[in-house]
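Down below is the structure, laid out as structure tokens.
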Amino acid sequence: MCGIVGYIGNNAVADKLMDGLKNLEYRGYDSAGIALNDNQKIEVFKAQGKLANLKAVLLQNNISQNPSHIGIGHIRWATHGAPTVENAHPHISNDGNLVLVHNGIIENYKELREKLEQQGVHFYSQTDTEVAVHLFAEEYKKFGSLEAAVRSGLACLKGAFAFCIMHHNEQDKMIAVRKNAPLIIGCNQNENYIASDITALLGKVKKVIYLDDNEMAVVKKDSVIVKDIFGNIVLKKSEEINMKADLIDKQGYEHFMLKEIAEQPIIIRKILQKHVQNNKIILNEDKLNIDWKKVKDITFVACGTSLHAAMVAQKVWENWLNIPVRVEAASEFIYQKNLLNENSLVIGISQSGETADTITALKQAQNLNTQILVVTNRLDSTIVRYAQSVIGLDAGVEISVAATKSYLAQLITFYWVGLYVAQEQNLLSQDEIVSLLESFEKIPEQIEEILSHKSQIEEIAKQIKNYPSAIFISRAFNLPTAYEGALKLKEISYINANAYPAGELKHGPIALLDENMPVIALLEQDETYAKLISNCEEAKARHAFLIGIGGEKLSNIFDAFIKTPKTLSCFSPLLMCVPVQLLAYYTAKALNREIDQPRNLAKSVTVE
Ligand code: F6R
């Protein structure tokens with residue numbers, strides 16, 4: 001989603017901002033802009049579309065010659081108002097002296113806009129953000145100080161925000177403010193940055209300060225002072241960045257998505273090495289501060305791909321832990337009655353840790369006194385604040401908007417945590433655990449085997465690309481994989497893909513089947529197999545282009561078949577997800593789509 005970068009120091013500020021924004025591109029955006037606080041006046045440059053368009057605007061204006069030492073930049077993912085130049089950030093006050101960028105949503109913007117318009121303020125955009133700039137500018141007239149103006153203006157704002165603000169009369173500072181939207185300060189000698197995501201600062205600074213909600217930082221070239229919203233100084237420690245800059249390098253792959261799919265065996269091996277030792281599951285450095293004896297029911301809350309990981313966990317945990325497990329889309333959880341209490345465990349899953357729906361769901365769970373476990377790839381993210389216990393995914397930064405390696409890391413995490421709980425609570429015998437671990441530990445090499453056949457999957461994708469829609473079907477453990485396959489395919493290829501429990505096909509979706517509909521069946525050779533083959537026969541009888549993914553090709557009805565290595569049914573989602581990721585990837589590639597940054601999508605969805 002939106003991204004913020006601010007810079008104050010001795011270097012060419014436009015380059016610094018563009019560099020930082022480039023590292024945030026993966027979040028998904030549809031316009032961009034920067035503002036430079038140079039000696040004569042604040043200058044704002046904006047463009048619709050990608051950073052290349054903004055770069056062209058900067059070139060036209062000879063910005064490399066600009067002597068600015070302080071500036072702010074933004075990439076915008078449109079929420080209020082279309083992705084136009086007017087709506088792009090930075091937004092500037094009517095007198096041209098105050099300028100800001102904003103992530104989040106100002107909920108009471110309509111009332112504020114009306115009020116400000118009555119006072120004679122002129123609005124030029126449809127954004128909620130613009131009210132903030134005019135509000136702070138009006139307050140500046142009263143206080144004559146940026147810090148005081150922002151503090152006073154903040155009292156009127158409802159919603160979520162991370163702001164980076166400059167004033168032309170105070171060229172020695174930027175103000176950073178956060179409430180329910182992440183913001184960090186990157187610190188160097190004689191230069192400081194503000195950013196909404198640590199990736200913007202990789203390779204540029206070694207230390208960062210994480211702002212908490214309702215904190216404001218006055219950032220100068222050689223100092224950072226953090227205060228609460230009442231103006232009291234808050235002592236903050238800077239923390240070392242432990243991510244490497246080369247994490248945001250494609251390292252020879254054509255797309256981040258392919259690189260991230262290929263990284264999966266390495267990630268799983270690392271997680272297994274950390275948590276499986278001598279036929280036992282161990283926590284290692286992770287902590288599971290959950291009172292399992294108290295837990296009578298479990299509810300997973302998540303969105304998108306993370307929701308599909310929860311669906312797999314539900315099926316596996318109900319088998320192993322013998323406890324009712326519910327899975328709720330976070331956006332639904334927050335608007336329904338949830339019969340939860342102190343005997344409930346709520347598990348929030350979020351790769352980014354910034355998904356607004358999931359965060360709100362956890363806030364509500366807190367009010368119901370449940371225990372809360374968070375599983376995230378970003379231990380520096382907002383969601384961890386709402387957890388009693390946190391488990392990191394160890395998947396490394398995921399740049400491609402479409403989640404792949406984080407999904408597999410989520411699955412692996414639920415397998416080891418499930419086994420750990422079963423082991424500690426004596427819900428599975430030692431023999432059962434040993435035999436499960438035997439299959440579990442083979443997963444990385446089995447994924448490598450699937451990856452080694454990717455050219456076959458590419459050939460099948462070249463056929464899928466010719467169809468306007470596709471249907472995924474499966475049963476039992478792989479139904480979530482079917483949902484995930486359909487989501488991946490539509491996200492990056494824009495082919496309309498849907499997934500159904502195979503037994504549901506005949507209750508309606510079968511009406512869609514003819515020679516123009518590919519059906520992709522995920523087949524597990526367990527008690528569901530015979531029924532699944534019957535469902536495939538039903539599809540074939542309607543001339544669907546039939547693709548099977550699974551163990552042995554035991555039937556000749558398939559037009560194409562992707563073989564996956566043999567494992568226990570409960571672990572098969574770990575293997576099956578790889579061909580569906582590759583099918584989506586190669587179909588999108590064949591259609592020449594923008595794979596890493598699909599249209600309309602954002603890497604972290606920070607609005608409800
Ligand atoms: C799918 C995808 C999205 C996210 C969803 C939740 O490829 O990336 O569906 O899974 O927006 O995001 P997180 O896991 O960050 O909460």
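The values are calculated or read from the model by the stated rules, or taken from the named source; none is laboratory data. Only a predicted model underlies this, so the values are computations on that prediction, with no experimental measurement involved. Using ideal geometry, Cβ is built from the backbone for each residue, glycine included, and neighbour counts are taken over all protein chains shown. Surface accessibility is based on the protein's heavy atoms, side chains included, excluding ligands, DNA and RNA. Shrake-Rupley method; radii C 1.70, N 1.55, O 1.52, S 1.80 Å.
For the reader, a short list of remarks on this structure follows.
- The alpha-carbon positions of the stretch 466-577 define a convex hull whose volume is 89 Å³ per residue.
- List L235, L339, L283, ordered by accessible area with a 1.4 Å probe, largest first: L235, L339, L283
- Estimated D of the stretch 38-116 in µm² per second, where Rh is the Kirkwood radius over Cα pairs and Stokes-Einstein applies at 20 °C, 1.002 mPa s: 151
- Estimated translational D of the stretch 529-579 in µm²/s (Stokes, Kirkwood radius over Cα pairs; 25 °C; 0.890 mPa s): 210
- Accessible area per residue, Å², the stretch 170-247 with all protein chains present, probe 1.4 Å: 45
- In units of the compact-protein estimate 2.2 N^0.38 Å, the stretch 131-197 shows a Cα radius of gyration of 1.14.
- Stokes-Einstein D (µm²/s) once Rh is taken as the Kirkwood radius of the stretch 81-189 over alpha-carbon pairs, at 20 °C in 1.002 mPa s: 152
- Length available on full extension from I282 to K220: 0.36 nm per residue minus the Cα-Cα distance, which gives 17.7 nm.
- Excluding ligands, DNA and RNA, the accessible surface per residue across the stretch 40-159 is 44 Å² with a 1.4 Å probe.
- Per residue, the chain reaches -10500 deg cm²/dmol at 222 nm when only DSSP H runs of four or more residues are counted, each adding -39500 (n - 2.57).
- Just the protein heavy atoms count here, and of the accessible area of the chain at 1.4 Å, carbon and sulfur take up 47 percent.
- For the chain, the residue among S455, P565, P598 whose Cα projects farthest onto the positive side of the dipole built from Cβ charges is P598.
- Using R0 = 51 Å, the C-beta based FRET efficiency linking T84 and Q456 works out to 0.70.
- Based on alpha-carbon atoms, the Kirkwood radius and the radius of gyration of the stretch 237-371 give Rg/Rh equal to 1.02.
- Table column - 3J(HN,Hα) (Hz), the stretch 129-141, Karplus curve with 6.51, -1.76, 1.60, x for Gly and Pro: 4, 4, 4, 5, 5, 6, 4, 5, 5, 5, 5, 4, 4
- Nearest-20 debye value, the stretch 141-185 charge dipole, Cβ charges on Lys, Arg, Asp, Glu: 240
- Using the Cα coordinates of the stretch 397-541, the gyration tensor eigenvalues translate into equivalent-ellipsoid semi-axes of 31, 20, 14 Å, sorted from longest to shortest.
- Linear extension gain, K41 paired with D559, 0.36 nm per residue minus alpha-carbon span: 179.9 nm
- Solvent-accessible area per residue, Å², over the stretch 412-552 with all protein chains present [probe radius 1.4 Å]: 39
- Taking every DSSP beta bridge that has both ends in the stretch 227-351, the antiparallel portion is near 25%.
- Two-decimal log10 I(q)/I(0) for the stretch 2-61, as the Debye equation yields it once each C-alpha is a single scatterer, q = 0.14, 0.22, 0.23, 0.27 Å⁻¹: -0.37, -0.90, -0.98, -1.29
- Cα-only Debye scattering, the chain: base-10 log of I(q)/I(0) at q = 0.08, 0.09 Å⁻¹: -0.60, -0.75
- Extended-chain gain in nm, criterion 0.36 nm per residue less alpha-carbon gap, A56 and K237: 61.2 nm
- Ranking by accessible area, most exposed first, for C577, C156 with a 1.4 Å probe: C156, C577
- Each Lys and Arg adds +1 at its Cβ and each Asp and Glu adds -1 at its Cβ; summed about the Cα centre, the chain shows a dipole of about 420 debye.
- Rounded to 5, percent antiparallel among DSSP beta bridges of the chain: 60
- Restricting the stretch 212-272 to chymotrypsin sites (Phe, Trp or Tyr not before Pro) in coil, as DSSP defines it, with at most 12 other Cβ within 10 Å: F230
- Cut-off under 5 Å, modelled amide H: who pairs with K50 long-range: none
- For the stretch 122-252, the convex hull drawn through the C-alpha positions has a volume of 139 cubic angstrom per residue.
- Under the convention that each Lys and Arg Cβ holds +1 and each Asp and Glu Cβ holds -1, the size of the dipole of the stretch 287-446 around its Cα centre is about 440 debye.
- Take the Cα of F230, go 7 Å toward its beta carbon, and the backbone nitrogen atoms of the stretch 148-187 under 19 Å from that spot belong to 148-157, 178-179.
- Net charge over other residues, Cβ less than 14 angstrom from the Cβ of E538 (K, R count +1; D, E count -1): +2
- Cut-off under 5 Å, modelled amide H: who pairs with A470 long-range: N496, A497, N498
- Backbone N within the stretch 521-541 under 17 Å of label point (7 Å from K506 Cα along the Cβ vector): 528-541
- Virtual spin-label span in nm between D213 and Q118, 7 Å along Cα→Cβ: 3.0
- Karplus-based coupling profile of the stretch 558-574, in residue order and whole Hz: 7, 7, 8, 9, 10, 8, 10, x, 7, 8, 5, 3, 4, 8, 4, x, 5, with θ = phi - 60° in 6.51 cos²θ - 1.76 cosθ + 1.60 and x standing for Gly or Pro.
- With the whole protein complex present, M18 retains an accessible surface near 30 Å², based on a 1.4 Å probe.
- Taking all C-alpha pairs of the stretch 403-462, those more than 18 Å from each other amount to 51 percent.
- Heavy-atom SASA rank of R385, R27, R599, R151 (probe 1.4 Å, accessible area, largest first): R599, R385, R151, R27
- Applying the Karplus relation 6.51 cos²θ - 1.76 cosθ + 1.60 with θ = phi - 60° to the stretch 223-232 yields 3J(HN,Hα) values of 7, 9, 10, 9, 10, 7, 6, 8, x, 7 Hz, where x marks Gly and Pro.
- Less than 5 angstrom separates the built amide H of V276 from those of I282, all sequence-distant by 5 or more or on a different chain.
- Sites K158 and N319, calculated FRET efficiency, Cβ-Cβ separation with R0 41 Å, nearest 0.05: 0.35
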